[in-house]
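Heads up, the thing below is written out as structure tokens.
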Amino acid sequence: MNIRSLTYSPSGEGAPQTCALEPKLNALHCADAHTSRNVSRLLCRMLAVLRTAGVAPPVAVSGNMPGMRALSAVFAPAETPLPGDVPSISDDDIETDPLGTDLFLLALEDALDADRTPENIATAMAAIVDTGGAGLDLISAIARLDSFAVRIGRGDGADSPLARERARLEALRTERAAAMGAMEKAALQAEELRRRRDETARCKIERAQAEQRLCAAVLYHGGQCMEQLERLEKQIKEVSERPRVDSEQAAAIQRGETLVETARLQLERTRGELHEVLAALDEAQATQSPDAAAPGDPELLERLQREMQTGQGRITEFNARLDEVNNQIAALDEHVTEAQERLATLPDFSRIAPNPIDWLTQLARSFKTAIGVRDNEEEARDSMRDELADLRVEIAGDASIFENSVNFAEELAAHQNKKKQWETRSVQITDRIRRDRSLRDELLDRMPGLFLLSLGCGLFLCLLLGLYVGLQKTPLLLPGGLVTLSALFFLAQLVITRGRVARLTRSIAEGQAELDVMSDDEKGDVSQIDRLMARAGCATARELEARYDRYRELRRKLDALERKFTQQEQHLRESEERIPKLFERVRSTLEQVDEPPRNEDDVEAAVGRAIAKYQVYRETKRRLADLRNQHQGLLGRKRFLEKELTALRESLPELERQLRAIMREQGFAAESDYRDVNNALAAYYRFLDTNEEAANRRAALTRTKQLLESRLPEEEALLEQHQHALAALLARAGFTVPEQARAAAENAMLLGDLEKEKRETEQRYESLLQGRALEAWRKLAGDAAVCDDEQDSEHHARALEAAEQRLAAAEQRYRALRQERLALLAPHRLPQEIEEDMAAQEKHIETLRRDVTAAAHAIALMEESLQAWRVQYGEAVAERASELIAALGANALMHLGLDPNAAPTLETVTDNGEADVPPAMLYIALRLAAAELLVSGDAPPPLIVDATLQGLTPPAATDKLLDALGECAQRRQVLLVFESGEIAAAAAARHVPVLTL
């Protein structure tokens, strides 16, 4: 497949230009190095796009690059005529595969790299022979595939995707089992749920019936309210026709009547009292005694008496308070003694710490923390011990296989190298035997012909000799000589062929014998790896390596766990050593408060008892201090009371002397007969009462008579005023007598009561209907009979409320059971959903397994074909490169060693035996040979040669380079892209088509 034409658009406004390309060598002269490099890269990308797209030619591929609007190439076989309309694709629409691009593009600038050594060139050629690209060889691909398989999950790695997906699948199975168990438990609750649902339905029916009865009751009592309202309206209408008076007028008239009646009664009472006072005054004047004496100054006497009584009362009070204080002091002394005795029985906590509770709590917490740490470490130790036992059991099988292997990796590498060497040598010997047999068979096929020719020549020579002897003609000697020479030649060829056949037969026998020896050696040479494979039951070395990797990982885990177990035991011993020290410290501290712990388990209880004892100690000390403070206060109070009592007792005799002097001055001589001044005062007051009672009574009667006489005219005038005011109120109301007003007021009150009863009935009616019409209640009642019993609507409302409560309780029980059932099912997904996830997970696991299998299969295929592939094409590429390097101006034989078991090598031998060919020329020759041999011979794609050197010295002379490219162009189309005018001139001189961009 060739590029038939190129269409490019300049960056200016010019029209697109199209030029046809030759099927062999073409030169593309670009304006500058940048354009040249972009054109070569774009053409290479077009070839990759065409390969990736898989479009059948002819097809046009277009692309953009800086400096040009577009570049389009038409791809088609050289002998195929182009149609008028060629389909087109763009390089921007397709992602290309970078592998194989080095077979389409050769950049001469890469050959001038300073790092180009024979070793680097051999390595690059190994990658190009393997994959068509210098960046990745099959050995690296095998390593990547192997890493990919290990990363996915080969070898049962615990952290691999396959292991995680298996764990996920196991978790899904566990989840499905849990979901099925939850569904079975929920199924056991179905019958109870149905029963509670039926109970809820019955409660709803009862509620509906109660609601209907309530509606019937509302209808009945509503009808009664309507009848009562009608009766009240009739009564209100009747009362409204009677005379009425408003409440204010009725109240004013009522107040007027009350005032008149009150004034009249008060006048009558005043007149009766005046009559009684006059009679009593006459009687007192008849019994008056002319010898009565006038009393003295009563205020002085009363003041002295009050002072005397106050002093005596305070003395009595102080005595009582002194007795109370003494009793309190005695009680406090007893309490103080009791507290001191109790405090003496308690330990002295002040020696422990300023705050014993915090200290004891800290000790107990520290000890408890140490116990907890020890228990946790012991539990961790036991867990590690169990894990160690499991790991030892798990590793026991592999350990019995690999424990005697000193260096498994080296042994395996040596085993594989030996196997590969045997296989390589066996393949080489087999190929040699096959070639020798083929050559021997070919020689054997030629031997009869040579024998016949020799025999024919001998017979013809004999005939000529007979003729010569018989005829004696000299001209017969010339053909006789020629025939003799021919016979000798054919005989020599026959002898040589026989010798070659013998040597080939001997070589075949030697090769077969060597194969037999190698086979016997391989069977007899049982290596350590073979014995390990037999013991492990592994079919291949890779399986054994996977087992060894698993064993090494388990051994690493076991060693790490053993080290961790040793550290854990050390920590446990430290914890166990720390606990007795802490216990001794706690015990010594608690011994100071007489609460030593019996053992480690009793520490917390002993600390609790010590804290309780300290609380008693602290409370006792606080109470003792309070008692002492109270005792001091009571002593001060006692001293104060004794001082005040002494002062009062000293002031009382002077008051008694003054009182007795006043009594004697008033003519009461019998005061000396009384030792107690209070008794003397009582006798003195009886003396005064006897002399002054009569005089005081007369004076009081006189004052009362005068008061009653002055008040009588006022009350008469007031009675007359109230009577006139009452008459005016009755006249304004239209009445003549108060009885008429009272009747009108009663009518007004009756009308108010009727209206109030009507409002209450309306309110009761409205409360019964609750904002609904009576017809609405009738519809709600349905077929329920209207009750006419004495039960009111409140009774039915309470019945409805009770039914609603029962319904709410039933619904709550139903919801609780349903919630319990949902709680069983809520944490779990449906088994169908879990099974779908399990199916997807199994599919994913199967995909991963297939990936691992495919990677292993790909590795096996590549390993199987790598040796033959490299040997075949390495020799062919080196042979073709030796031919091409002659065209480039150097005579050298190259040997490209691409043995997969060794580093790639490149050996060059010139005519003089020295390797003096420039590496750049070697690189170009090898790349051209690889691009020629590794591309399919059926319609090969064009080769793009990027000769953009930017002033660098070419790796070969320009004419030699054109010769080599011309030789390559005999088999495939070659496009030389450059920016140098020298190359353009050389190409034009050799009649190579030059396209100037």
* Asked: Is it the case that the stretch 249-271 has a residue that's modelled with pLDDT of 80 or more, open to solvent by less than 100 Å² (accessible area, probe 1.4 Å) and under 17 Å from Met749 (Cβ atoms)?
  -> no
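For every residue, the table says whether it meets (1) out of contact with any Pro (no Cβ under 6 Å at 6 or more places or on another chain); (2) open to solvent by 100 Å² or more (accessible area, probe 1.4 Å); (3) under 30 Å from Ile357 (Cβ atoms).
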residue	(1), (2), (3)
Tyr617	yes, no, yes
Thr620	yes, no, yes
Asp626	yes, no, yes
Asn629	yes, yes, yes
Glu642	yes, no, no
Ala647	yes, no, no
Glu650	yes, yes, no
Glu654	yes, no, no
Glu665	yes, yes, no
* Structure fact -> Condition set polar (S, T, N, Q) and modelled with pLDDT under 85, scope the stretch 455-507, selection surrounded by the most Cβ atoms within 10 Å (Cβ to Cβ): answer is Ser507
* Does Arg446 satisfy the condition of being open to solvent by 70 Å² or more (accessible area, probe 1.4 Å) and touching a Leu at 6+ places or on another chain (Cβ under 6 Å)? -> no
* Structure fact -> By residue number, the members of the stretch 941-974 that are in a helix (DSSP H, G or I) and in contact with a strand residue (DSSP E or B) (Cβ under 7 Å, 6 or more places away or on another chain) are Leu965, Gly966, Cys968
* Identify the residue in the stretch 42-74 that is free of Cβ contacts under 8 Å to residues at least 60 places away in the same chain and assigned to a strand (DSSP E or B) and, among all such residues, is surrounded by the most Cβ atoms within 10 Å (Cβ to Cβ). => Val61
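Of all residues in the stretch 718-735 being among the aliphatic types (A, V, I, L, M) and touching a residue at least 24 places away in the same chain (Cβ under 8 Å), which is surrounded by the fewest Cβ atoms within 10 Å (Cβ to Cβ)? Before the answer, list the steps.
Going residue by residue through the stretch 718-735, those that are among the aliphatic types (A, V, I, L, M) are 718-719, 725-731, 733.
Adding the requirement that they be touching a residue at least 24 places away in the same chain (Cβ under 8 Å) leaves 718-719, 725-726, 729-730, 733.
Working: Leu718: 17, Leu719: 19, Ala725: 15, Leu726: 21, Leu729: 18, Leu730: 19, Ala733: 19.
Top of the filtered list is Ala725.
When you look at Leu861, is it open to solvent by less than 50 Å² (accessible area, probe 1.4 Å) and either in a helix (DSSP H, G or I) or farther than 22 Å from Leu943 by Cβ (or both), yes or no? Full working, then the answer.
Details: open to solvent by less than 50 Å² (accessible area, probe 1.4 Å): no; either in a helix (DSSP H, G or I) or farther than 22 Å from Leu943 by Cβ (or both): yes.
Spelling it out, it is not the case that Leu861 is open to solvent by less than 50 Å² (accessible area, probe 1.4 Å) and either in a helix (DSSP H, G or I) or farther than 22 Å from Leu943 by Cβ (or both).
Yes or no, residue by residue, for (1) modelled with pLDDT under 80; (2) open to solvent by less than 50 Å² (accessible area, probe 1.4 Å):
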| residue | (1), (2) |
| --- | --- |
| Asp156 | yes, no |
| Asp159 | yes, no |
| Met180 | no, no |
| Glu191 | no, no |
| Glu199 | no, yes |
| Arg202 | no, no |
| His221 | yes, yes |
| Glu227 | no, no |
* Glu595 fails exactly one of the following numbered conditions: (1) outside the structural domain of Lys368 (by the TED database); (2) assigned to a helix (DSSP H, G or I). What is the number of that condition? -> (2)
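The rows are residues; the columns are (1) hydrophobic (A, V, I, L, M, F, W, C); (2) closer than 30 Å to Asn417 by Cβ.
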site	(1), (2)
Ala534	yes, yes
Glu543	no, yes
Arg555	no, yes
Ala560	yes, no
Lys564	no, no
Val586	yes, no
Pro597	no, no
Glu619	no, no
* Would you call Asp431 assigned to a helix (DSSP H, G or I), closer than 30 Å to Arg500 by Cα and either hydroxyl-bearing (Ser, Thr, Tyr) or free of Cβ contacts under 8 Å to residues at least 12 places away in the same chain (or both)? -> yes
* To do: Report yes if some residue within the stretch 19-41 is over 23 Å from Ala947 (Cβ atoms), surrounded by 18 or more Cβ atoms within 10 Å (Cβ to Cβ) and of a type in the set (Gly, Ala, Ser); otherwise report no.
  => no
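Among helices (runs of 4 or more DSSP H) lying entirely in the stretch 736-855, which contain 3 or more residues that are farther than 26 Å from Cys203 by Cβ and at pLDDT 80 or above? Steps first, answer last, please.
Values: elements: 738-769, 774-781, 793-825.
Per the criteria, 738-769.
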* To do: Might you check whether a residue that is within 21 Å of Val427 (Cα to Cα), in contact (Cβ under 8 Å) with a residue 40 or more places away in the chain and part of a loop (DSSP other than H, G, I, E, B) occurs anywhere in the stretch 902-912?
  => yes
* Structure fact -> Restricting the stretch 377-414 to residues that are in contact with a Ser or Thr (Cβ under 9 Å, 6 or more places away or on another chain) and at pLDDT 80 or above, the one most open to solvent (accessible area, probe 1.4 Å) turns out to be Glu378
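The values are calculated or read from the model by the stated rules, or taken from the named source; none is laboratory data. Note that the coordinates shown come from a computational prediction; the quantities given were computed from them, not determined experimentally. We place every Cβ from the backbone using ideal geometry, glycine too, and count neighbours over all the protein chains shown. Remember, those area values only see protein heavy atoms, side chains included, never the ligands or the DNA or RNA. Shrake-Rupley method; radii C 1.70, N 1.55, O 1.52, S 1.80 Å.
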